[in-house]
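Peer 1: I have a structure I would like to understand better, so I am pasting it below and will then ask my questions one at a time.
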Amino acid sequence: MALYGERGFENTTVAEIAERAGLTERTFFRHFADKREVLFAGSNELQERLVSTVAGAPADASPLDAVAAGIEDLGDVLPDRPETSRARQAIIAASAELQERELIKLASLSAALAATLRERGLSAPAASLTAEIGMAVFRTAFERWIDETDGRDFAEHVREALGEVRALAASG
């Protein structure tokens, strides 16, 4: 992360990352498929956590409530302080290649969420729509969490964004 911040993603090599970390390139590749994955490490854990929480939500929970519980729970997987995520997002925002990778990861997360909702008995169209609403809530809450310095935790931002979605749905 420090190298990407100093030199930019495109100008940083795996050899430099390995050297800075005190590793060989071979050891680096045991942990990461490529230098992009340094920024996306933990994506699988994030997805597993979300899917597990949604799948384990009470049977009488609405689909949106189950998704909201899963998204709130992701706050435990995110770094303790938003500064780390803010730095990561700045690196991603500066690279079209990384932005594409981020969108792929988010699409994968949405697909896994939709599959979990279908397993809970929701129709395919409703599951996809609910998953996309959930991802919009996640992205909004995440952006607010890394941009604000008011000390509110991620879950508070999730509840606020979800409240806005509900208010919009009720108004119209």
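Peer 1: Quick check on residue 113: is it of a type in the set (A, V, I, L, M, F, W, C) and closer than 23 Å to residue 36 by Cα?
Peer 2: No: the conditions fail for residue 113.
Peer 1: Please go through the stretch 23-58 and give me each residue that is farther than 27 Å from residue 122 by Cβ and either outside any loop (DSSP other than H, G, I, E, B) or polar (S, T, N, Q) (or both), ordered by number.
Peer 2: 24, 25, 26, 27, 28, 29, 30, 31, 37, 38, 39, 40
Peer 1: Additional query: Within the stretch 29-74, count every residue that is within 17 Å of residue 132 (Cβ to Cβ), touching a residue at least 12 places away in the same chain (Cβ under 8 Å) and over 19 Å from the mean Cα position of the chain (by Cα).
Peer 2: 1
Peer 1: Can you tell me which condition residue 20 does not meet? The list is (1) surrounded by 14 or more Cβ atoms within 10 Å (Cβ to Cβ); (2) of a type outside the set (Ser, Thr, Tyr); (3) outside any loop (DSSP other than H, G, I, E, B); (4) outside the structural domain of residue 143 (by TED's automatic domain parsing), and all the others hold.
Peer 2: For residue 20, the exception is condition (1).
Peer 1: Mind counting the residues in the stretch 39-58 that are more than 16 Å from residue 114 (Cα to Cα) and surrounded by 15 or more Cβ atoms within 10 Å (Cβ to Cβ)?
Peer 2: Count: 3.
Peer 1: Need the failing condition index for residue 83 against (1) modelled with pLDDT of 90 or more; (2) touching a helix residue (DSSP H, G or I) at 6+ places or on another chain (Cβ under 9 Å); (3) over 28 Å from residue 129 (Cα atoms), just the number.
Peer 2: If we test residue 83 against (1) modelled with pLDDT of 90 or more; (2) touching a helix residue (DSSP H, G or I) at 6+ places or on another chain (Cβ under 9 Å); (3) over 28 Å from residue 129 (Cα atoms), just (1) comes out false.
Peer 1: If you check 26, 36, which single one turns out to be in contact with a Lys or Arg (Cβ under 6 Å, 6 or more places away or on another chain), more than 20 Å from residue 165 (Cβ to Cβ), outside the structural domain of residue 150 (by TED's automatic domain parsing) and surrounded by fewer than 18 Cβ atoms within 10 Å (Cβ to Cβ)?
Peer 2: Values: 26 fails: in contact with a Lys or Arg (Cβ under 6 Å, 6 or more places away or on another chain).
Sole residue among the options that is in contact with a Lys or Arg (Cβ under 6 Å, 6 or more places away or on another chain), more than 20 Å from residue 165 (Cβ to Cβ), outside the structural domain of residue 150 (by TED's automatic domain parsing) and surrounded by fewer than 18 Cβ atoms within 10 Å (Cβ to Cβ): 36.
The values are calculated or read from the model by the stated rules, or taken from the named source; none is laboratory data. Since the model is a prediction, treat every value here as computed from it, not as a measurement. Virtual Cβ from ideal backbone geometry, glycine too; neighbours counted across all protein chains shown.
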